[in-house]
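Values in this text are rule-based calculations from the coordinates and carry no lab data. A quick note: this is a predicted structure, and the numbers were derived from the prediction, not measured. Note that we place each Cβ from the backbone using ideal geometry, even for glycine, and neighbour counts take in every protein chain shown.
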Amino acid sequence: MALNLLRTKSIEQSLADTDEPEYQLKKSLTALDLTVFGIGVIIGAGIFTLTGRAAHNLAGPAVVLSFVVAAIGCGLAALCYAEFASTVPVSGSAYTFSYAALGEIFAWIIGWDLVLECFMASSVVAQGWSAYFTTFLDQLTGQPDGAHVLPEAIGYGGTIDLMAVLLVVVLGTLMIIGIKESMRVNLVLVSLKLFIVLFVIVAGIQFVKSSNWSPFIPPNGPQPLDMPQANSVMTQPLMQWLIGLEPSSYGLVGVFSGAALVFFAYIGFDIVATTAEEAKNPKRDLPIGIIASLIICTILYCAVSLVVTGMVSYEDITQSAALANAFAFHGKTWMAVIISAGAVAGLTTVVLTMLIGSTRIIFAMSRDNLLPVGLAKVHPKFRTPYIIGIIVTVICALVAGLTPVGVLEEMVNIGTLSAFVLVSISVIVLRHKRPDLQRPFRVPAVHVIGTLAAVVCFYLMLNLAVETWLRFLVWLVIGFIIYFAYSHSHSRVLTHKALHPDIVAQMDAGHLTPPENRG
């Protein structure tokens, strides 16, 4: 049983699968497309919605250090992703990488975690989009405080968030029509979003007061009373609970807890890897797209967080729409309107990118028959996995419309961080198992970088709330039930079903070891 759980899928088999006509995706993305794609998802919910919450509840002005800590963890993991993506340019990202290096059970776990990441991120960000869209409409129409254009029952936080549902449906349709068409829309919206972020930095500098940065790292103390479930064990970071500390915020504890929260702001470069099969020159363009998007966004994040905490004391920063409200705090409502408009555009690109990422991960798992292989068929005209696209759109629309606001945000982080840990380990393992592979991009000092990446990302996981860990364990249990009920016995690596003819020929010639004989 142990050996069956650790059976691997060869790199050659993964690459050959991409040539099967029934499951072949259209190659149309350049390095610029991939960089814009990464920026499109990275700059979004984190900068527009999480900056205020992390500063107010956890880190104070030192939220900029939280962004730096999160960026270090992401940067180390990004190097590992870049090596894998250039070596194995196949849809599925960390799922595909861990299948080759660690074995099927780890591939399933990581694929299941990535599905969680993308599903929850699409839905949560759609809710954030709805909040900013509602604010934007109210600002445009001059609504008094507390009044809204949209009825409360169908607005943000209502019985059903209709705007969030409509956004997911429209973007899901665009995604199914074609990846290149999606990228054209993404390019326009990302350009607008970058303008707004730069506008916040440049326009906000004039309102900065250095006194708002003092103390830069507020002393450690009880969690703010207006924080949801303040001073509750369930909202306490797991690390604090394990060592028996009382729930607290600020100080160095707050910096690392803030890093675990704002980590959400960086998810995106890993989603770039899910489009590997659609890149024109993946061995060159994927590393560029992954690393460039992360560097650009880190610089912008640090600048924005410094400006916003300098404009408004961390104690007075609002936990939603922090950027727009920072300008409203200084009486510049017209600037707040511009920022709200930019946030609407910015969050749109995040939802679109996450929808694309989730379909590509499920596509890879279905093509391996860990999920029903029939789901992986691509549209004869659009060359996109349309069946998966429809399913993903419907599920995300329902979750976005019906899930209470703020319930599942940290679930995105824990799913992503667990993927980063396994990818960082996998890149080391594959160096030993397949030293013969051509690696256009190689992680320098791979044993040091890979180990550091795994340690940092796991430490950030420990700084997530206890309730997040409990939900994550429930998600894993559901995943294991599906795996042992279906995936383990239907895996194409086990059954050889519909293997590409070239792979079958190589096995017959003795050039590849049959999957059931691999350790």
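Structural remarks
- Burial ordering of W108, W475, fewest other beta-carbon atoms within 10 Å first: W475, W108
- With neighbours defined as other Cβ atoms within 10 Å of a residue's Cβ, the residues T30, T384 order from fewest to most as T30, T384.
- Separation of the E246 and T159 label points, Cα + 7 Å toward Cβ, nm: 4.3 nm
- Residue order for S424, S489, fewest other beta carbons within 10 angstrom first, comes to S489, S424.
- Nitroxide proxy distance, nm - points 7 Å out along Cα→Cβ at V394 and I217: 5.1 nm
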